[in-house]
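The values are calculated or read from the model by the stated rules, or taken from the named source; none is laboratory data. For clarity, every value in this text was computed on a predicted model and none was experimentally measured. Here the Cβ positions follow ideal geometry from the backbone for every residue, glycine too, while neighbour counts run over all protein chains shown.
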Amino acid sequence: MTGDRRVSVVILTHGRCEECLRTVARFVAGGEAARVIVVDNASPDGTAARVRARFPAVEVVALRRNLGAAARNLGVRRAETPYVALADDDTWWARGALGRAADLLDAHPRLAVVSARVLVGPEEREDPTCVRLAESPLPPARDLPGVPILGFLAGASMVRRAAFLAAGGFEARLFLGGEEELLALDLGAAGWAMAYVPAVVVHHHPSPRRDPGARRRLLVRNALWCAWLRRPVPSALRQTLCILRAAHPAAAALAFGEALRGLPWVLRARRVVPAHVQSSLRRLDARLRLGARASQAPD
């Protein structure tokens, strides 16, 4: 394939063949990336074969079992380009967005992740997560573009490949749901920065093939694990209470049980983040508490 030699695209898919084919078609037609790599998480619907047949220039990594978010790591390793744009089978980058993000990574050597503004559906509603990213309380830095953040949207971000791989990529035990949080903390601990840049746009047409209940449970479990893995004990305890209070009671109970069963692994892998990351977490926690109080105030 031709395209920007700095950039590859890694598309993660599982059991959503038609969505995947449409997304791949958009990237191929755009011709803006040097390589397009589809990582198929053991789809039962023949996704890998159909992508290969329709798009012979696209590399397909067909896995025998569903690895969740960690499957992206395999695509990033294969990419070889300095920058890798991440996409899901229902997200694609707007025209010019890949080059714009790569230019930012070229210009800012401390930058490891560019998180894009996500427009949802045909009506192009702004994703609520992007609103929160835009309101990040982290102080601006002269050597960074956009808004400094300590988190990102995995299906709508471009990563510096060397930084991503050095940090270990996505943790397999998290599977899917908030998997970005742990990687963001580890990138921050290693001295890397992340930025939300609204001028870089990704489109998201959510697939109807979803399991909202399972996703809510995994989001809570993974948030608990991330707190226990990387925060100092007092902060981890406070965060545990905040996570459980904010969650649906049924999801909270199931997730807490799962999280406790994973405690032996958590204790082995626990590594508290350095002081500068703890400072960022305190700023983010304070903003969340302020927002929660505001939402509970009477009209």
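Scan the range 45-58 for residues that are aliphatic (A, V, I, L, M), surrounded by 16 or more Cβ atoms within 10 Å (Cβ to Cβ) and in a helix (DSSP H, G or I) and report the count.
Qualifying residue count for the region: 2.
If R173 satisfies every condition in (1) in a helix (DSSP H, G or I); (2) surrounded by fewer than 21 Cβ atoms within 10 Å (Cβ to Cβ); (3) outside the structural domain of R132 (by TED's automatic domain parsing) but one, which is the exception?
It is condition (3) that R173 fails.
Specify the residue that is surrounded by the fewest Cβ atoms within 10 Å (Cβ to Cβ); the eligible residues are those in the range 18-44 that are basic (K, R) and free of Cβ contacts under 8 Å to residues at least 60 places away in the same chain.
Among those residues, the one meeting the criterion is R22.
With of a type in the set (K, R) and in contact with a His (Cβ under 8 Å, 6 or more places away or on another chain) as the only criterion, which of R271, R216 stands out?
After ruling out the rest, the residue left standing is R216.
Just to be sure before I move on: is V147 of a type in the set (V, I, T) and exposed (fewer than 15 other Cβ atoms within 10 Å of the Cβ) in the structure I sent?
For V147, the condition - of a type in the set (V, I, T) and exposed (fewer than 15 other Cβ atoms within 10 Å of the Cβ) - is not met.
Among the residues of the range 61-91, which ones are of a type in the set (A, V, I, L, M, F, W, C) and free of Cβ contacts under 8 Å to residues at least 24 places away in the same chain?
The one that is of a type in the set (A, V, I, L, M, F, W, C) and free of Cβ contacts under 8 Å to residues at least 24 places away in the same chain: A62.
Would you point out the residue of the range 113-142, among those that are of a type in the set (D, E, K, R) and either modelled with pLDDT under 95 or over 16 Å from A101 (Cα atoms) (or both), that is surrounded by the fewest Cβ atoms within 10 Å (Cβ to Cβ)?
Once the filter is applied, the top-ranked residue is R142.
Hey, does the range 60-74 have a residue that's of a type in the set (G, A, S), at pLDDT 95 or above and more than 20 Å from L183 (Cα to Cα)?
Yes: one or more hits.
Out of (1) under 25 Å from L138 (Cβ atoms); (2) within 15 Å of the chain's Cα centre (by Cα); (3) in contact (Cβ under 8 Å) with a residue 24 or more places away in the chain, the odd one out for V220 is which?
Only one criterion in (1) under 25 Å from L138 (Cβ atoms); (2) within 15 Å of the chain's Cα centre (by Cα); (3) in contact (Cβ under 8 Å) with a residue 24 or more places away in the chain is unmet by V220, namely (2).
Could you pull out the residue among T47, T23, T2 that is at pLDDT below 95 and either β-branched (V, I, T) or out of contact with any helix residue (DSSP H, G or I) (no Cβ under 7 Å at 6 or more places or on another chain) (or both)?
Exactly one of T47, T23, T2 is at pLDDT below 95 and either β-branched (V, I, T) or out of contact with any helix residue (DSSP H, G or I) (no Cβ under 7 Å at 6 or more places or on another chain) (or both), namely T2.
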